[in-house]
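The values are calculated or read from the model by the stated rules, or taken from the named source; none is laboratory data. Small disclaimer: the values here were computed from a predicted structure and weren't measured. Heads up, the Cβs are rebuilt from the backbone with ideal geometry, glycines too, and the neighbour counts pull from every protein chain shown. SASA here: full protein model, heavy atoms, side chains in, ligands and nucleic acids out. Shrake-Rupley method; radii C 1.70, N 1.55, O 1.52, S 1.80 Å.
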Amino acid sequence: MTETRAPQAIVVLGAGSWGTALAIHLARQGHPVTLWAHRPEHATTLATARRNTRYLPDAEFPDGLSVQGDLAAAVYDRDLLLVAVPSHALRDVLRRLQPLIGTETRLIWATKGLEQGSCHLPHQVVEETLGARSMAALSGPTFAREVAAGLPAAVAVASRDQHFAREVAELFHDGRFRAYTSPDLVGVEIGGAVKNVLAIATGAADGLRFGANSRAALITRGLAEIMRLGLALGGQASTFMGLAGLGDLVLTCTDDQSRNRRMGLALARGLSSSQAQQEIGQVVEGVQAASAVWTMAQREGVRMPITEQVYRILYEGLSPHEAVEILTQGPAKPEFL
């Protein structure tokens, strides 16, 4: 049995599939949850249907979950916020929040990715817009549909403040949803960003029918790329072998619930990036991340050949077949350098 904890009011900002799933999970734990949707008409639909009919139509909202379309009303008198918006929207949402909250307001984010242009990690965007405060990142191998259905899952909660990390972990932790703490914000965020790029590569390889050997090689060498970049930025090696590293990489590369994997599959069919994104109908984080990660790798002098080829496919018109030729024609070398 799990320990009974006092309910804690929380606001989830972002009513896409992931924000909705997390709001449902928290409300099931008995916490009063307010789910904010940035479009008022979406908020009205959510409140009326008592489910997210577009993204999670099978998951009914628990009684403790309310919906709000007004940001100021949603966060009023609340000191714990969970941001679950795409990486390209993170800074804008935080800027809107800034005049509405105080320095005592604590922040969690479930955003995975890098900011385009600056190549900043989410915690850097938070610090630049909202300043120092209690903050934590939630990441790991989780699909929204399975979390909303109450299926078993595990995540990492990363924070420099381990007391706050434990508090957040306990907020989410129950008999089926396990939460582990980590002090490695950089490592957890790098794992969550780069795995999306590698899932596009793996999806493309599977779409080209290159087989299980190819898939395993891409995942393994992709993990090496994550580790090289993460260590260069100050992440901890153990993080990349954990939930936010290897765990999230394997999940995103191998299951068709992954939008990034589906992007790769679509590219292998000959669709352009824009055509594939239109077909998928949701944000594909790996598309933007490919540019930011490749820019960061060049800046840090880190070798990331798979990432480079994904970038070239998405932004320079390279075909998946040509990318494979480039990756497989290199000279033999030691595996670990």
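3J(HN,Hα) along the stretch 322-337, derived from phi through the Karplus expression 6.51 cos²θ - 1.76 cosθ + 1.60 where θ = phi - 60°, amounts to 5, 4, 5, 4, 5, 5, 8, 9, x, x, 5, 7, x, 5, 10, 10 Hz, with x in place of Gly and Pro. On the stretch 8-182, 47 percent of the accessible area sits on carbon and sulfur atoms, based on a 1.4 Å probe. Residues Leu218, Leu151, ordered by accessible area of protein heavy atoms at a 1.4 angstrom probe radius and largest first, appear as Leu151, Leu218. Working note: 222 nm ellipticity from helices only, DSSP H runs with n ≥ 4, each -39,500 (n - 2.57), summed and divided by the residues of the chain, gives -15500 deg cm²/dmol to the nearest 500.
Close amide H pairs (under 5 Å, H built 1.01 Å from N) link Arg51 with Phe61, residues at least 5 positions away or on another chain.
Against the chain, whose longest principal axis comes from its Cα atoms, helix 259-268 is set at around 30 degrees. Each pair of Cα atoms in the chain enters the Kirkwood radius, and Stokes-Einstein at 37 °C and 0.692 mPa s then converts it into a translational diffusion coefficient of 162 µm²/s.
Each residue of the stretch 58-63 was assigned a 3J(HN,Hα) from its phi angle through the Karplus curve 6.51 cos²θ - 1.76 cosθ + 1.60 (θ = phi - 60°); the sequence is 8, 9, 6, 6, x, 4 Hz, with glycine and proline shown as x. Its convex hull of Cα atoms gives the stretch 185-327 a direction-averaged projected area, equal to a quarter of the hull surface, of 7.5 nm². DSSP bridge analysis restricted to the chain gives an antiparallel fraction near 15%, rounded to the nearest 5.
Selection among Ser273, His31, Ala323 by position relative to the dipole of the chain gives Ala323 as farthest towards the positive end (Cβ unit charges, Cα centre). When Met241, Met135 are compared by accessible area at a 1.4 angstrom probe, the order from most to least is Met241, Met135. With the charge dipole of the chain set up from +1 on Lys and Arg Cβ and -1 on Asp and Glu Cβ about the Cα centre, the Cα lying farthest toward the positive end among the listed residues Pro86, Ala232, Ile219 is that of Ile219. Here the stretch 8-182 is assigned +1 on the Cβ of each Lys and Arg and -1 on the Cβ of each Asp and Glu. Its dipole about the Cα centre then comes out at about 280 debye.
Each part gets one Cα centre, and for the stretch 167-215 versus the stretch 17-45 those centres are 23 Å apart.
Tell me the carbon and sulfur percent of the accessible area for the stretch 185-327, rounded to whole percent, probe radius 1.4 Å. So the carbon and sulfur contribution to the accessible surface is 51 percent. About the centre of its Cα atoms, the chain shows a dipole size close to 340 debye [charges on the beta carbon of Lys, Arg (+1) and Asp, Glu (-1) only; nearest 20 debye]. Per residue, the solvent-accessible area of the chain (1.4 Å probe, heavy atoms of protein chains only, all protein chains present) comes to 44 Å².
For Thr181, the residues whose amide H sits under 5 Å from its own are Val157, ignoring neighbours fewer than 5 places away on the same chain, with H placed 1.01 Å from N.
Applying the Karplus relation 6.51 cos²θ - 1.76 cosθ + 1.60 with θ = phi - 60° to the stretch 133-146 yields 3J(HN,Hα) values of 5, 5, 8, 7, 9, 10, 8, x, x, 9, 9, 4, 4, 6 Hz, where x marks Gly and Pro.
Take Cys119: with every protein chain present and a 1.4 Å probe, its accessible area is about 10 Å².
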